[in-house]
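The values are calculated or read from the model by the stated rules, or taken from the named source; none is laboratory data. Keep in mind it's a predicted model, so treat the numbers as computed, not measured. For neighbour counting, all protein chains shown are included, and Cβ atoms are generated from backbone atoms with ideal geometry for every residue, glycine included. Just so you know, the surface numbers come from the protein's heavy atoms only, side chains and all, with ligands and any DNA or RNA stripped out. Shrake-Rupley method; radii C 1.70, N 1.55, O 1.52, S 1.80 Å.
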Amino acid sequence: MQGKQKKARKYAVMKRMISLRDQRINEKDRAKAPVKKKEDPSAIKEREVPQHPSCLFFQYNTQLGPPYHILVDTNFINFSIKAKLDLVQSMMDCLYAKCIPCITDCVMGEIEKLGQKYRVALRIAKDPRFERLPCMHKGTYADDCLVQRVTQHKCYIVATVDKELKRRIRKIPGVPIMYISRHRYNIERMPDDYGAPRF
C-alpha cells in the first residue's frame, strides 16, 4: 500500500475570496457596478491654473531690494561658524546693502534639537539683530517651511548650503540663493539693477 504524499504548505498563501460582484452572491448583497457619468460636451470645462505672482517681471523680482530679508537655514549658521564668518557683516559685504537675517521657528527648533554641540549656533540664532518669523504649520521640518514661505512671499533671499534645498528653491522663479564658498558668502540668481541675472 502506497502512502499519501504530503503537500508542502506554501508560505503566506491567502484563501481565495470571491468578488462582491460575483453572480453566486444574492442580488441584494451584490455590489453595484459603478455607473459612468456621461460628460456634457456643451458644459464649460474648469481647470485651475496657479496664479503668477505680480511681483515678477519674467524672472526679475521687483520685490527684492534693500534692506534685504534673508531666510537663514540651520546648516548655513553651522558652516558660517566653521568658516569663522560673522553672519550679518558677511551678508552686507556680499550684497553691499543692509541685510536683515530672518529665522523661522522651525529652524530655531532644529538648532535646539541638535543639542549641546551646537550651542554656539543657538546663541547666534538668538541674536537681537535676527528677525524671528513665527510658523503656523505642524511639525518642525525646516526645508518644507522655507520652501513654502518663499513660494508665498517672494521678498526673501534663502541662505543655505544644503544641496537638496537649493535644488528645490531653484525651481521657484525670482528667489535668489546665498551660499558659502571659499570662506565668503556668494549669491546665486541675484538680478542687478538692469534685470540681468548676476552670477
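Go through the residues of the range 127-138 one by one and say whether even a single one is in contact with a Phe, Trp or Tyr (Cβ under 6 Å, 6 or more places away or on another chain) and either at pLDDT below 95 or surrounded by 12 or more Cβ atoms within 10 Å (Cβ to Cβ) (or both). Within the range 127-138, none of the residues are in contact with a Phe, Trp or Tyr (Cβ under 6 Å, 6 or more places away or on another chain) and either at pLDDT below 95 or surrounded by 12 or more Cβ atoms within 10 Å (Cβ to Cβ) (or both). Here the condition is being modelled with pLDDT of 90 or more, of a type in the set (Val, Ile, Thr) and not in a helix (DSSP H, G or I); of 103, 25, 44, it holds for 103 alone.
Within this structure, residue 120 fails the test of being touching a residue at least 12 places away in the same chain (Cβ under 8 Å), in a helix (DSSP H, G or I), hydrophobic (A, V, I, L, M, F, W, C) and closer than 28 Å to residue 56 by Cα.
Scanning the range 61-96 for residues that are farther than 18 Å from residue 155 by Cβ and among the hydroxyl-bearing types (Ser, Thr, Tyr), we see that the one that is surrounded by the fewest Cβ atoms within 10 Å (Cβ to Cβ) is 96. Considering only residues in the range 49-96 that are of a type in the set (Phe, Trp, Tyr) and part of a loop (DSSP other than H, G, I, E, B), the one that is nearest to residue 184 (Cα to Cα) turns out to be 96. Selection of first residues in the range 144-169 that are without any contact (Cβ under 8 Å) to a residue 24 or more places away in the chain and open to solvent by 20 Å² or more (accessible area, probe 1.4 Å) and of second residues that are outside any helix (DSSP H, G or I) and of a type in the set (A, V, I, L, M, F, W, C), restricted to Cβ pairs under 8 Å at least 6 apart or on distinct chains, gives the following pairs, ordered by first then second residue: 151/172; 166/177.
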